[in-house]
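The values are calculated or read from the model by the stated rules, or taken from the named source; none is laboratory data. It should be emphasised that the depicted structure is a prediction, and the values quoted were computed from it without experimental measurement. In this analysis, Cβ positions are derived from the backbone assuming ideal geometry, glycine residues included, and neighbour counts consider all displayed protein chains.
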Amino acid sequence: MNEAQSSQESLQWFAMRDLKRRHAKLPAYKLFESLKVQYFTPMVHRLVIVNGKRMNQEVPLMQDLLFVKDTREHLDSIVEKTSKLQYRYKIGVQHTPIIVPTADMERFIHAVESGDNPKFYSPNEVTPDMRNRQIRIIGGQLDGYVGTLVTTRGSKTKRLLVELPTLLAASIEVEAEYIQFVK
């Protein structure tokens, strides 16, 4: 195994915290973008005032949550130099950062990016009745995804709930013709 393969295999998705203010000039996601490090943070459109004018900008859904795919050693050096950047740690386990399995993270990113209007939920917003109808998607961009069907009273829109347990959940619109109920 050569060095490139070795470093590729040690790349992991770490859950991170950005403690900078919302209007900081260089939030963590822009820092990782400039360093050419792969990251993901759920983005939403919000009206913000820039130089006295209202503008529709894409901003992070939650300022302090982002996911970074890198080696622990490289990320440690970035965290050391950036005072407001921290790992998210597992609850009850001292100094053990949260690592999201690569397959789960890439599945979540693909689902969120394939939908036009994903809705995001924190773990405490996902109620047990949101998880009661298991579905499998057959066809379309989300072919093969298994999750739960989220329906909103009065809406004809069907949504698939995709989760990163204890961190974040998103619901993505799916066409009714692609939905197969799982028993």
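Residue-by-condition table, conditions (1) surrounded by 12 or more Cβ atoms within 10 Å (Cβ to Cβ); (2) over 30 Å from Y89 (Cβ atoms); (3) out of contact with any Phe, Trp or Tyr (no Cβ under 9 Å at 6 or more places or on another chain):
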residue	(1), (2), (3)
T102	yes, no, no
E106	yes, no, no
S114	yes, yes, yes
P118	yes, no, yes
P123	yes, no, yes
D129	no, yes, yes
R133	yes, yes, no
R136	yes, yes, no
G139	yes, yes, no
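Taking the stretch 22-63 and the strands (runs of 3 or more DSSP E) fully enclosed by it, the elements with 1 or more residues that are at pLDDT below 90 are at 43-50, 53-60.
Looking across A24, A28, one residue alone is out of contact with any Cys (no Cβ under 7 Å at 6 or more places or on another chain) and surrounded by 16 or more Cβ atoms within 10 Å (Cβ to Cβ). It is A28. Tallying residues that are of a type in the set (A, V, I, L, M, F, W, C) and more than 19 Å from V44 (Cα to Cα) within the stretch 136-183 yields 11. Filtered by the rule that a residue be more than 13 Å from E177 (Cβ to Cβ) and of a type outside the set (D, E), the stretch 122-135 gives S122, P123, N124, V126, T127, P128, M130, R131, N132, R133, Q134.
Of the residues making up the stretch 137-144, none is of a type in the set (D, E, K, R), over 30 Å from M16 (Cα atoms) and outside the structural domain of Y89 (by TED's automatic domain parsing).
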